[in-house]
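Read through the structure below, which is laid out as structure tokens, and then see the notes.
Just so it is clear, none of the values below were taken in a lab; they were calculated from the coordinates. This structure is a prediction, so every number in the text was calculated from the model and none was measured. Using ideal geometry, Cβ is built from the backbone for each residue, glycine included, and neighbour counts are taken over all protein chains shown.
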Amino acid sequence: MKTMFLCRNKVMGWVGVLVIRLMLSGTALADPAGAEVIAPKLQLVTAVMCEDVVNRLPYNEAVVFSIAGGKVSCFTLFDPVLERTAVYHNWYYRDNLSTKIKLLVNPPRWATYSSIQLREADKGPWRVEVTDSEGNVLQTIRFSITD
């Protein structure tokens, strides 16, 4: 009986040590493999719709644009960019993909934009989905074209 009591105390002691080590190491019990957290290759800081891009900055940001303006632009700023990679501006008109524009971004920080020319038939709801090279949606920007 005394031997069984000593063995149980040793096991409980080891369990206590293991719990303390896990708490100090920051390793969660739910993740026994100790999976590594990987930082994203790039971080989208700003995504806006505007009438134009002037001196590398968005000009006249809005969510409603007149057809008379002739064009609309999607401006995006990424910081940080850890490696040269592609991003996409996917332009949707009434939930149908209108155009997909591939843009390259470079370290350490990068701003880029895409534009479309407006036609009379373009009036209505639009959105641009900004995606990374794997197709993950980083942000969706909704806007409208009116008279």
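Modelled this way, with points 7 Å down the Cα-to-C-beta line, the labels at ARG109 and SER66 are 3.5 nm from one another. Our estimate of slack between SER133 and THR146, defined as 0.36 nm per intervening residue step minus the Cα-Cα distance, is 1.5 nm.
Distant-in-sequence amide contacts of THR46, defined by a placed amide H-H separation under 5 Å and a gap of 5 or more residues or a different chain, comprise LEU77.
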